[in-house]
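**Q** Pasting a structure below so you can have a look.
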Amino acid sequence: MEVDFFKNNASDVLLEVEINPDIAAAFENEYAERTGQTPESGPNYQHQPNKWGGEYRIYFNSEHDLLDEFAALKIDVEQGHRPYRGHLKYRVNNQAFFWALVAAGYRLGEN
């Protein structure tokens, strides 16, 4: 998946995952295989029993309109009235885009 448009325009990027404990080991193994790092529980990686699977979230800011690029990938971008953590304007919840960003060098937490 092409992510150069994102890498070239997004700032204050934050990756988070909330995942059901039943599938956490599979996520942790895949993340470690792709990054060489084992994810640690904390504010950016949480086990959530109420999740049926996982939520792969990407928060970011951008001075450029990236909506057309995301639409071409069929990815919805959320923009709330209250920025996340007080300063992050946009949110994407998409597993494939999360893994594409990991492949491009992004990691859980602030990037």
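**Q** Tell me yes or no: at least one residue of region 64-71 is within 22 Å of residue 7 (Cα to Cα), touching a residue at least 12 places away in the same chain (Cβ under 8 Å), part of a helix (DSSP H, G or I) and open to solvent by 30 Å² or more (accessible area, probe 1.4 Å). Don't jump to the end; show me each part of the working.
**A** Our first condition is that a residue be within 22 Å of residue 7 (Cα to Cα); within region 64-71, this holds for 64-71.
Filter once more, keeping what is touching a residue at least 12 places away in the same chain (Cβ under 8 Å): 64, 66, 69-70.
With the extra rule that they be part of a helix (DSSP H, G or I), the set shrinks to 69-70.
Still in the list and also open to solvent by 30 Å² or more (accessible area, probe 1.4 Å): 69.
Yes, there is a match, as at least one residue in region 64-71 is within 22 Å of residue 7 (Cα to Cα), touching a residue at least 12 places away in the same chain (Cβ under 8 Å), part of a helix (DSSP H, G or I) and open to solvent by 30 Å² or more (accessible area, probe 1.4 Å).
**Q** Further, regarding this structure: Which of the residues spanning region 78-87 are touching a strand residue (DSSP E or B) at 6+ places or on another chain (Cβ under 9 Å), over 15 Å from residue 10 (Cβ atoms) and open to solvent by 90 Å² or more (accessible area, probe 1.4 Å)? I'd like the intermediate steps shown before the answer.
**A** Filtering region 78-87 for residues touching a strand residue (DSSP E or B) at 6+ places or on another chain (Cβ under 9 Å) gives 78-80, 83-85, 87.
Next cut, over 15 Å from residue 10 (Cβ atoms) only: 80, 85.
Residue satisfying the conditions is 85 alone.
**Q** If you scan region 88-111, which residues turn out to be more than 17 Å from residue 34 (Cα to Cα) and either open to solvent by 50 Å² or more (accessible area, probe 1.4 Å) or polar (S, T, N, Q) (or both)? Please lay out each step first, then the result.
**A** Filtering region 88-111 for residues more than 17 Å from residue 34 (Cα to Cα) gives 88-94, 110.
The answer is 89, 91, 93, 94, 110.
**Q** Just the residues that are within 19 Å of residue 100 (Cα to Cα) and open to solvent by less than 40 Å² (accessible area, probe 1.4 Å), please, taken from region 25-52. Quick ask: steps written out before the conclusion?
**A** Applying the first criterion (within 19 Å of residue 100 (Cα to Cα)) to region 25-52 yields 26-39, 44-45.
Within region 25-52, 27, 31, 32, 35, 39, 44, 45 qualify.
**Q** Is at least one residue of region 93-102 within 15 Å of the chain's Cα centre (by Cα), on the phi < 0 side of the Ramachandran plot and outside any helix (DSSP H, G or I)? Before the answer, list the steps.
**A** Residues of region 93-102 within 15 Å of the chain's Cα centre (by Cα): 93-102.
Those still in the list that are on the phi < 0 side of the Ramachandran plot too: 93-102.
With outside any helix (DSSP H, G or I) added as a condition, the list becomes 93-94.
Yes, region 93-102 has at least one match.
**Q** Here's something else I'd like to know. Tell me whether region 65-77 contains one or more residues that are among the β-branched types (Val, Ile, Thr), under 25 Å from residue 21 (Cα atoms), at pLDDT 95 or above and in contact with a strand residue (DSSP E or B) (Cβ under 9 Å, 6 or more places away or on another chain).
**A** no
A quick yes/no check of all residues on (1) at pLDDT 95 or above; (2) more than 24 Å from residue 42 (Cβ to Cβ); (3) acidic (Asp, Glu):
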position	(1), (2), (3)
79	no, yes, no
82	no, no, no
87	no, no, no
94	yes, no, no
104	yes, no, no
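The values are calculated or read from the model by the stated rules, or taken from the named source; none is laboratory data. No experiment lies behind these values; they were computed from the predicted model shown. Counting neighbours? That spans all protein chains shown, and the Cβs are built from the backbone with ideal geometry, glycine included. For the accessible areas, the whole protein counts, side chains as well, though only heavy atoms, and no ligand, DNA or RNA atoms are used. Shrake-Rupley method; radii C 1.70, N 1.55, O 1.52, S 1.80 Å.
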